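Report on one structure; see the data block that follows.
The values are calculated or read from the model by the stated rules, or taken from the named source; none is laboratory data. A quick note: this is a predicted structure, and the numbers were derived from the prediction, not measured. A quick note on method: Cβ atoms are made from the backbone with ideal geometry, for glycine too, and the neighbour counts reach across all protein chains shown.
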Amino acid sequence: MRYFIGLMSGTSMDGVDAVLCQISADNFQTLGSVSLPFPADLLLRLHALCAPQPNEINLMGSADIEISHLFARAVKLLLEQHNLAADQIAAIGSHGQTIRHFPDGYEPGLPGFTLQIGDPNTLAALTGIAVVADFRRKDIALGGQGAPLVPAFHQAIFGQDIHPVDTLQDIHQSSMDSHSTPAQATHTVDRDTRPDSHRAIVNIGGIANISIVALNTNQVSGYDTGPGNTLMDFWCKAHTLQAFDMDGNWAATGKVNKPLLKKLLADAYFKRQPPKSTGREYFSPQWLNAKLAGYNSVSAEDVQATLCVMTARHIADAINSRQDIEQVFICGGGAYNKTLMAHLCNNLAQCHVASTLRLGIAPHEVEGAAFAWLAFAYMERLTANVPQVTGASRPAVLGGLYLPD
């Protein structure tokens with residue numbers, strides 16, 4: 001087995017996660033992780049770069065290098081914690097920070113694109129480790145959405161018909177210092193798993209995406225279901241000055257406004273058929289403010305409660321649209337939002353619901369681990385996109401290699 005490090009900075013922009021993994025053709029283990037927040041001034045510029053503005057190329061160029069320095073700090077801290085040297089790491093898989101995602105073009109008639117920054121040349125030079133990066137653009141070059149990319153990883157790691165471990169005890173306590181315990185499911189459906197059953201892996205980051213895995217096969221499907229934490233985080237920060245709603249406690253104080261909920265869920269994106277992907281370019285503060293027109297009398301906490309239920313509903317609707325999903329495992333920051341998880345469980349009454357910790361990987365480590373695995377796949381020349389998920393014309397090896405020498 002070889003060591004790989006996965007770096008993830010998602011649409012929630014809550015920081016950088018670095019995950020250390022040991023990977024071989026028939027074995028995968030996460031060994032630990034570190035998380036570093038973005039410096040406040042860099043975070044402001046990253047948010048600004050998600051929309052057109054003056055001087056954006058210069059802003060992007062400087063942010064591109066600054067993010068790489070932050071990535072390198074996370075890698076070095078992870079190496080120190082595990083007493084490893086740079087030459088013991090086969091490769092770093094770096095997702096980069098998405099600042100634009102327009103796979104269908106930002107205007108009619110223009111080609112689609114996606115853009116992640118965090119210069120891999122700088123990262124390789126600073127760490128002395130080979131870097132695999134730029135995973136999404138090959139898929140878009142082949143006519144795909146470039147997202148989601150994690151279904152292939154979910155199928156490879158979570159696609160076996162193993163029984164979930166019997167406890168939610170934190171098996172990665174050393175890497176969970178900055179996180180609360182994942183929210184536990186409020187129910188378990190007590191029945192034998194059918195031979196034809198499927199397992200859903202739901203990542204709730206800034207955007208929520210779902211992978212539907214047919215157990216003990218190579219079959220997987222998936223897509224972005226809609227906003228995850230991004231709108232709740234925006235609304236929380238605007239009204240409480242907190243970066244996010246810890247445990248969903250603020251949302252729990254509000255009452256769901258049913259007419260507003262209906263208006264939010266009526267958005268055309270939720271009705272689109274896959275393959276589809278989205279980002280904070282679409283589900284933006286401007287999107288939310290437009291939907292709130294005419295709802296000025298709704299209190300801030302009631303809006304937060306409604307956003308929380310909306311997120312649970314569109315995820316649950318995607319799962320309930322099928323009859324063969326019996327197990328649902330949640331990862332990403334949303335797994336720690338107890339109010340969101342309670343709503344999700346209430347809307348998935350026929351499913352066993354738990355966090356991915358039940359399958360051996362802590363929720364906040366799954367996406368970083370996925371990009372460690374994508375680096376492994378590149379080095380082994382394994383195709384890693386799933387055309388039925390992204391819409392690409394064929395499977396492809398994803399990413400490019402950037403060497404430190």
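Worth a mention:
- Wholly within the range 185-280, helices (runs of 4 or more DSSP H) carrying at least 1 residues that are among the acidic types (D, E) and either under 17 Å from C308 (Cα atoms) or modelled with pLDDT of 95 or more (or both): 230-240
- Any chance L59 is part of a helix (DSSP H, G or I), surrounded by fewer than 17 Cβ atoms within 10 Å (Cβ to Cβ), out of contact with any Ser or Thr (no Cβ under 7 Å at 6 or more places or on another chain) and free of Cβ contacts under 8 Å to residues at least 60 places away in the same chain: yes
- D324, sole failed condition from (1) under 26 Å from S94 (Cβ atoms); (2) modelled with pLDDT under 95; (3) not polar (S, T, N, Q): (1)
- Residue among S178, S174 that is modelled with pLDDT under 95, touching a Gly at 6+ places or on another chain (Cβ under 8 Å) and not hydrophobic (A, V, I, L, M, F, W, C): S174
- Test set (1) without any contact (Cβ under 8 Å) to a residue 40 or more places away in the chain; (2) under 20 Å from G61 (Cβ atoms) - L123 fails condition number: (1)
- Condition check for T383: in the same structural domain as V19 (by TED's automatic domain parsing) and hydroxyl-bearing (S, T, Y): yes
- Taking the criterion of being part of a loop (DSSP other than H, G, I, E, B) and of a type outside the set (V, I, T), the residues of the range 1-22 that qualify are M1, G10, S12, M13, D14, G15.
- Where a residue in the range 319-333 is under 15 Å from I361 (Cβ atoms) and in the same structural domain as A208 (by TED's automatic domain parsing) and its partner, wherever it lies, is among the acidic types (D, E) and part of a loop (DSSP other than H, G, I, E, B), with Cβ under 7 Å and at least six apart: G333/D14
- Scanning the range 342-386 for residues that are surrounded by fewer than 21 Cβ atoms within 10 Å (Cβ to Cβ), of a type outside the set (S, T, Y), more than 18 Å from A200 (Cα to Cα) and out of contact with any strand residue (DSSP E or B) (no Cβ under 8 Å at 6 or more places or on another chain) yields E380, R381, L382.
- Meets criteria (within 14 Å of A91 (Cβ to Cβ), surrounded by fewer than 21 Cβ atoms within 10 Å (Cβ to Cβ) and modelled with pLDDT of 95 or more) for G112: no
- Exactly one residue out of Q22, Q53, Q29 is over 18 Å from A130 (Cα atoms), at pLDDT 95 or above, surrounded by fewer than 17 Cβ atoms within 10 Å (Cβ to Cβ) and not small (G, A, S), and it is Q29.
- Search result, residues across the range 389-405 that are farther than 20 Å from G118 by Cβ and surrounded by 14 or more Cβ atoms within 10 Å (Cβ to Cβ): V389, T390, G391, A392, P395, A396, V397
- Look at the range 72-98: where a residue is closer than 28 Å to R137 by Cα and at pLDDT 95 or above and a partner is of a type in the set (S, T, Y) and part of a strand (DSSP E or B), sitting 6+ places away or on another chain with Cβ atoms under 6 Å, you get I89/Y3; Q97/S9.
- Each residue in the range 105-121 was checked for being aliphatic (A, V, I, L, M) and in a loop (DSSP other than H, G, I, E, B), and 1 of them qualify.
- Of note, T311 satisfies the criterion of being assigned to a helix (DSSP H, G or I) and either at positive phi or polar (S, T, N, Q) (or both).
- Every condition in (1) in contact with a helix residue (DSSP H, G or I) (Cβ under 6 Å, 6 or more places away or on another chain); (2) free of Cβ contacts under 8 Å to residues at least 60 places away in the same chain is met by L359 except one, and the failing one is (2).
- Condition check for S277 on (1) surrounded by fewer than 20 Cβ atoms within 10 Å (Cβ to Cβ); (2) touching a residue at least 40 places away in the same chain (Cβ under 8 Å): one failure, at (1).
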